[in-house]
């Protein structure tokens with residue numbers, strides 16, 4: 001597209017990133033030549049099995065885990081479901097308790113709500129602070145005698161805030177020590193963190209960790225759940241003993257090969273790419289604040305403890321979807337909230353959670369993880385997420401800033 005007219009700028013990498021060419025190359029054999037079942041005893045089947053185990057060893061080394069601690073799933077959503085439901089189903093206690101936050105991914109929050117609805121668990125939704133970061137002391141205070149699981153995401157998918165995972169892990173270890181208990185287990189959804197943050201599981205201090213392929217420039221339909229050896233899980237599906245009895249069904253060999261290869265590439269470039277994107281992100285934010293439009297624009301989430309590729313803004317007087325459509329008309333792809341909620345009519349519950357801290361509003365009782373109360377309506381203030389990626393450059397940011405200025409000026413006239 002022409003540089004000044006509908007330039008193609010993809011700023012939605014937090015939703016899904018394009019497949020790396022080298023990853024596709026690694027997958028190609030198991031997409032086009034060898035389609036064998038890894039459980040088969042013939043040559044092709046054995047080759048597929050070896051490819052799966054080689055990929056498992058690669059992921060194991062990067063996470064600092066053991067082979068039997070790496071479980072391949074269909075994606076981050078299944079990994080989160082297996083972590084939470086697997087822990088609850090492994091218990092004999094009548095009413096276990098879960099601690100989480102009010103800005104987790106829907107694949108964590110909806111599972112927790114389901115367990116509450118069927119009276120299989122109690123759940124405490126700890127509210128984050130105004131900057132989108134949870135206070136570890138509040139997590140500690142929420143832990144009870146029957147708490148079996150704490151689930152706090154490593155980095156938020158909408159506002160990019162990085163949670164103090166190691167500090168929370170320290171509080172959990174202290175609780176387990178003084179109570180002589182193996183509970184609560186600590187789970188983190190690391191889907192958004194894998195591109196930019198340290199992922200050695202021992203250093204993080206977690207028992208369960210989830211991520212998927214599509215956020216790290218790998219294939220869709222594949223994910224990983226790290227499960228610490230002494231962490232007990234029950235399956236949530238049945239029909240085979242693959243993946244140590246926790247993920248039945250024929251293995252997605254090409255996907256498994258792909259996610260291991262893309263994780264290797266990610267680790268190789270992580271430090272350099274994080275520094276590059278941090279500079280672009282900060283430039284984007286600085287330019288937003290310099291412009292005469294800044295009275296309308298608010299940056300959501302902590303300005304420092306956030307992912308290098310994330311800029312999330314609220315714009316007073318403009319609906320989120322309208323701004324997304326206007327940017328799309330100019331060739332700029334962005335999101336207004338989590339892709340898993342994009343069809344819903346409500347505003348982002350993550351942004352609502354931040355506002356509730358400012359307004360002092362109480363959580364909505366219908367959906368306890370949706371902090372809100374008497375909030376500004378979406379028509380009065382929307383939010384948009386710009387998530388940068390490996391192909392994003394300064395020209396893309398400048399074009400986006402120019403388009404944003406034009407859009408806001410036009411919409412101001414309309415209003």
Dimensionless Rg ratio for the range 21-265, taking C-alpha atoms and the 2.2 N^0.38 Å reference = 1.02
At a Förster radius of 41 Å, what calculated FRET efficiency corresponds to the Cβ-Cβ distance of residue 93 and residue 61, to the nearest 0.05?
-> 0.70
So, with points 7 Å from each Cα along the Cβ direction, the residue 53-residue 275 label distance in nm works out to 4.0
Length-normalised contact order for the chain - Cα pairs under 8 Å, 6+ apart - percent = 23
Any chance you could get the radius of gyration and Dmax over the Cα atoms of the range 42-119, in Å?
-> 16.8, 50
Which three lengths, in whole Å and largest first, does the range 50-177 cover when its Cα atoms are put on their principal axes?
-> 45, 36, 32
For the range 209-297, what is the Kirkwood hydrodynamic radius in Å, using each pair of distinct C-alpha atoms?
-> 16.5
Just round it to a whole percent: the fraction of Cα-Cα distances in the chain exceeding 39 Å.
-> 20
Dimensions (Å) - the range 247-323, Cα atoms, principal axes, largest first | 55, 30, 18
If you count the DSSP beta bridges with both ends in the chain, what percent of them are antiparallel, to the nearest 5?
-> 55
Between the modelled labels at residue 220 and residue 120 (7 Å from Cα along Cα→Cβ) the distance in nm is 2.8
Taking neighbour counts of Cβ atoms within 10 Å as a proxy for exposure, in what order, fewest first, do 264, 53 appear?
-> 53, 264
Indicate, rounded to the nearest 5 percent, the antiparallel portion of the DSSP beta bridges found entirely in the range 21-265.
-> 40
What is the gain in length, in nm to one decimal, between residue 167 and residue 130 on full extension, counting 0.36 nm per residue of separation less the C-alpha to C-alpha distance?
-> 11.4 nm
Treat the count of other C-beta atoms within 10 Å as a stand-in for reagent exposure and order 396, 135, 328 from fewest to most.
-> 328, 135, 396
Between residue 267 and residue 21, 0.36 nm times their residue separation minus their Cα-Cα distance comes to what?
-> 86.9 nm
How much length is gained on full extension from residue 290 to residue 316, taking 0.36 nm per residue of separation minus their Cα-Cα distance?
-> 7.7 nm
By count of other Cβ within 10 Å, fewest leading, how are 231, 112 ordered?
-> 231, 112
Compute the Kirkwood hydrodynamic radius of the range 121-260, taking the inverse of the mean of 1/r over all pairs of distinct Cα atoms, and give it in Å to one decimal.
-> 16.5
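Values quoted throughout were computed directly from the atomic coordinates according to the rules given, and no laboratory measurement underlies them. This structure is a prediction, so every number in the text was calculated from the model and none was measured. Cβ coordinates were reconstructed from backbone atoms using ideal geometry, including for glycine residues, and neighbour counts include every protein chain displayed.
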